[in-house]
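Student: First the structure, which I've put down as structure tokens, then a few questions once you've had a look.
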Amino acid sequence: MASEQERLPRDLNSAALASLFNDELQKAFESLGCFNLAIFGKTGSGKSTLLNAIFDQAIASTGIGKPVTKGLNYYRHPNGYLGIYDSEGFETGTSGDAILTGLDRIVSKSNSGPMDQRIHAAWYLIRWSDRRCEVAQQSFISAIAALGLPVIIVMSQVPVIQRDGALEIHPDAVVFAKYIESLKLPTFGEGKVLLTNALPDTFSDTVIYGLQELLDATYEVVPLAAQAALTAAQGVDGRRKKDAAAAVIKQATVVASGIGAVPIPVADAALLVPNQVAMIARITAIYGLPRSRASALSMAGSAILTGGATYAGRYVATHLLRFLPGGVIAGSVISGTVAATLTRAIGIAWVKVCEYAVTLPDTEQESFFSSSQVREAFNGYLKSEK
Ligand SMILES: Nc1nc2c(ncn2[C@@H]2O[C@H](COP(=O)(O)OP(=O)(O)OP(=O)(O)O)[C@@H](O)[C@H]2O)c(=O)[nH]1
Ligand SMILES: [Mg+2]
């Protein structure tokens, strides 16, 4: 690895860095693969709302939907890591039968294809206020399970209020869920029903509820090969993103200490940069960033990367070296330990930048990445990291 790095030009210019970042980001998204979810439930049960609460809104607004079978549309997220089969306007009965026929075809065809084309999980939504689970619904659920799809039963739009710090679920919803569970449908947890509410409602004090549990259940049924994509695609569980990013940082740190195994002069800290850019790109993908093509460009052109070799390499080296173990003693050379520590600090700071950026609305996110804000944020996190 070190020799490959050494062959790279010492002074990567802005354009070279921006294109390196773009390539690495592309690679990072590709290596995540794709998590495919099928979502069923009567029209108005809250499928779109639940998807928007758990995943990036881009799946609904910019994901290009195409009808794959009667009653079923497939949406692919622009970043490639999420595919949704949405049974929009679904009613059980004849339209359910048509879906099943088409679904059977899709499942058998994709099962012989690559992993990222398969359907990895299915959610079946039952709106709590329907207060009944018809025989037609039960047979539909059993039929999709019989196709080999892991099905999770979700009760949607459940009124949950917070009182004195405790959550109160509407008792009728609890009774209804118990009833459905008594049917022991062939689904996740032997017919277990996960209660959710995906929209806060100030009028009734209803709070968002059950999304983490639904996500956890989904991880339980999804094959390992699709879990990295799920981690990037979901926006509910920050812990899983952080853990995935930590693994990337660890790997980059090992590479960096290899590069620094032969101590390099501070002036050559740019040697560390390609590895750091790759790390930054992989972390970026885990956070599902950027959400749009425009912010991808501003990101690649951002101060961190284009100011880049300087910034992530020399700037950091000269400004932080004195805080680092061995920095003072080693004087003007970067040892393996220092290279690793620098890379780690950059990774951790970039995770914080991403954690912040995902909270921003699309338009603000774009200006965040294209202005000096990103540099200031990164700088600030880096300093607090020393
Ligand atoms: N309070 C609350 N309202 C919800 C929730 N989910 C959906 N709604 C409301 O219920 C209505 C229908 O939700 P959608 O998400 O469009 O339902 P859908 O299943 O996608 O419907 P189709 O696309 O027609 O099949 C909307 O007005 C939502 O605002 C929820 O979890 N809580
Ligand atoms: Mg919908």
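Student: So if I check each of Gly113, Gly80, Gly102, which one is within 17 Å of Asn52 (Cα to Cα) and either surrounded by fewer than 21 Cβ atoms within 10 Å (Cβ to Cβ) or free of Cβ contacts under 8 Å to residues at least 12 places away in the same chain (or both)?
Tutor: After ruling out the rest, the residue left standing is Gly80.
Student: Restricting to the range 101-116, name every residue that is part of a helix (DSSP H, G or I) and more than 18 Å from Ser87 (Cα to Cα).
Tutor: Answer for the range 101-116, where residues must be part of a helix (DSSP H, G or I) and more than 18 Å from Ser87 (Cα to Cα): Ser108, Lys109, Ser110, Asn111, Met115, Asp116.
Student: Could you tell me which residue of the range 130-189 is farthest from ligand 2 (Cβ to nearest atom), considering only residues that are over 25 Å from Ala53 (Cβ atoms) and small (Gly, Ala, Ser)?
Tutor: Of everything passing the filter in the range 130-189, Ser182 is farthest from ligand 2 (Cβ to nearest atom).
Student: Report yes if some residue within the range 240-253 is under 30 Å from Gly165 (Cα atoms) and either outside any helix (DSSP H, G or I) or within 16 Å of ligand 2 (Cβ to nearest atom) (or both); otherwise report no. Quick ask: steps written out before the conclusion?
Tutor: Our first condition is that a residue be under 30 Å from Gly165 (Cα atoms); within the range 240-253, this holds for 240-243.
Restricting the remaining residues to those that are either outside any helix (DSSP H, G or I) or within 16 Å of ligand 2 (Cβ to nearest atom) (or both) gives none.
Checked the range 240-253: no residue is under 30 Å from Gly165 (Cα atoms) and either outside any helix (DSSP H, G or I) or within 16 Å of ligand 2 (Cβ to nearest atom) (or both).
Student: In this structure, is Gly89 surrounded by fewer than 22 Cβ atoms within 10 Å (Cβ to Cβ), more than 14 Å from ligand 2 (Cβ to nearest atom) and in the same structural domain as Ala173 (by TED's automatic domain parsing)?
Tutor: no
Student: Sticking with this one: Collect the residues in the range 178-187 that are of a type outside the set (S, T, N, Q) and in contact (Cβ under 8 Å) with a residue 24 or more places away in the chain, keeping them in residue-number order.
Tutor: Answer for the range 178-187, where residues must be of a type outside the set (S, T, N, Q) and in contact (Cβ under 8 Å) with a residue 24 or more places away in the chain: Tyr179, Ile180, Leu183, Leu185, Pro186.
Student: Just to be sure, is Tyr219 under 23 Å from the mean Cα position of the chain (by Cα), at pLDDT 95 or above and within 30 Å of Met115 (Cβ to Cβ)? Give the steps one after another, and end with the answer.
Tutor: Working: under 23 Å from the mean Cα position of the chain (by Cα): yes; at pLDDT 95 or above: yes; within 30 Å of Met115 (Cβ to Cβ): yes.
Yes: the conditions hold for Tyr219.
Student: Let me ask something additional. Report the residue count in the range 164-177 for those that are over 32 Å from the mean Cα position of the chain (by Cα) and not aromatic (Phe, Trp, Tyr).
Tutor: 4
Student: Does Gly148 count as within 16 Å of ligand 1 (Cβ to nearest atom) and over 23 Å from Gly210 (Cα atoms)? I'd like the intermediate steps shown before the answer.
Tutor: Numbers: within 16 Å of ligand 1 (Cβ to nearest atom): no; over 23 Å from Gly210 (Cα atoms): yes.
Answer is no for this residue.
Student: Between a residue in the range 374-385 that is touching a residue at least 40 places away in the same chain (Cβ under 8 Å) and any residue that is of a type in the set (S, T, N, Q) and buried (at least 19 other Cβ atoms within 10 Å of the Cβ), which pairs come within a Cβ distance under 6 Å, given they are 6 or more apart or on different chains?
Tutor: Pairs that qualify, where the first residue is touching a residue at least 40 places away in the same chain (Cβ under 8 Å) and the partner is of a type in the set (S, T, N, Q) and buried (at least 19 other Cβ atoms within 10 Å of the Cβ), are Val374/Ser302.
Student: Does Lys178 satisfy being basic (Lys, Arg) and in a helix (DSSP H, G or I)?
Tutor: yes
Student: Any idea which of (1) modelled with pLDDT under 75; (2) within 11 Å of ligand 1 (Cβ to nearest atom) is the one Thr49 doesn't satisfy?
Tutor: So the condition that Thr49 fails would be (1).
The values are calculated or read from the model by the stated rules, or taken from the named source; none is laboratory data. Predicted model, so just to flag it, every value in this text is computed and none were measured. When we count neighbours, we look across all protein chains shown, and the Cβ atoms used for this are built from the backbone with ideal geometry, even at glycine.
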